[in-house]
Every structure is written in C-alpha cells, then in structure tokens.
Amino acid sequence: QVQLVESGGGLVQPGGALRLSCVASGRNFSPYVMGWYRQAPGKQRELVADVTGTGSSNYAESVKGRFTISRDNTKNTVYLQMNSLKPEDTAVYYCHAFLSRRTYWGQGTQVTVSS
C-alpha cells in the first residue's frame, strides 16, 4: 500500500537548522507533486513548500529564503532543508503527494523551535 514516512523533526534553538525527509513507497511518485504542509496548535494546516516532478518549486512567503525543498525521484524521497528557524515555525510537518485526484499524507513529524 502507499505510505509516506517522515523523519528529521525535533527540538532546535532559534536560528538553528533541521532537515526533514519523506520516503514514499507503494507506487512511482516521480510524476506527483510532493510537498510539505504544517499545522501549529489551534491553526489550520498550511502549505510550506511543494515541488513538481520536474523540479519546479513553490514556497509560502513566510519561509522563502530560509527553507529549501528538493526531491530525489530515484529514491521516491522529498526533503525540506530548514534554516534560520524561528519559534513561529513550530508545528507538526506533514509530507504530501498529489497527482490528479490521488492525494496522500504522511503521519507527521514534530518540529519545535525553542530556547
């Protein structure tokens, strides 16, 4: 069956960095748009960044210049490099894959930015 498994979350101080990974399995995800969403307590889930199968990326304004999304289609893996982290980046981060009417979610990984 299809699975998206995230890793790399944790606790980091403001100004620090983390790299999230999401490994997809169960089908070829090369044509899928893959991305990262996040949900902070009491807030709606929001798009952080996504990337098409050909490498075109899109970012939320709040993370532009700090976060970088990338993917390795040979490994069915998408990454999110997060630099200059701020307390407001604290959230559960979810991996997402979308193609036509097919959409899949990972279980989420917690990112906490705090001193």
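The values are calculated or read from the model by the stated rules, or taken from the named source; none is laboratory data. Computed from a predicted structure; not experimentally measured. Using ideal geometry, Cβ is built from the backbone for each residue, glycine included, and neighbour counts are taken over all protein chains shown. The accessibility values were calculated without ligands, DNA or RNA, using every heavy atom of the protein model including side chains. Shrake-Rupley method; radii C 1.70, N 1.55, O 1.52, S 1.80 Å.
Quick rundown of the values:
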| quantity | calculated |
| --- | --- |
| Fraction of accessible area attributable to carbon and sulfur, the chain (%, probe 1.4 Å) | 48 percent |
| Whole-number accessible area per residue in Å² for the chain, which is evaluated in the context of all protein chains at 1.4 Å | 53 Å² |
| Net charge of neighbours whose Cβ lies under 15 Å from the Cβ of SER57, counting Lys and Arg as +1 and Asp and Glu as -1 | 0 |
| For the range 24-40, Karplus couplings with θ = phi - 60° (6.51, -1.76, 1.60), whole Hz, Gly/Pro x | 9, 9, x, 6, 7, 9, 3, x, 6, 6, 10, x, 10, 10, 9, 9, 8 |
| Built amide H within the under 5 Å cut-off of GLY108, gap 5+ | GLU6, CYS95 |
| Spacing of the two label points (7 Å from each Cα toward its C-beta) at GLU88 and THR52, in nm | 3.0 nm |
| Dimensions in Å of the range 61-106 - Rg and Dmax from alpha carbons | 12.7, 35 |
| Rounded to whole Hz, the Karplus (6.51, -1.76, 1.60) HN-Hα couplings of the range 66-77, x for glycine and proline | 10, 10, 9, 9, 8, 8, 10, 5, 5, 10, 6, 10 |
| Centroid-to-centroid separation of the range 22-52 and the range 72-95 [C-alpha atoms, Å] | 9 Å |
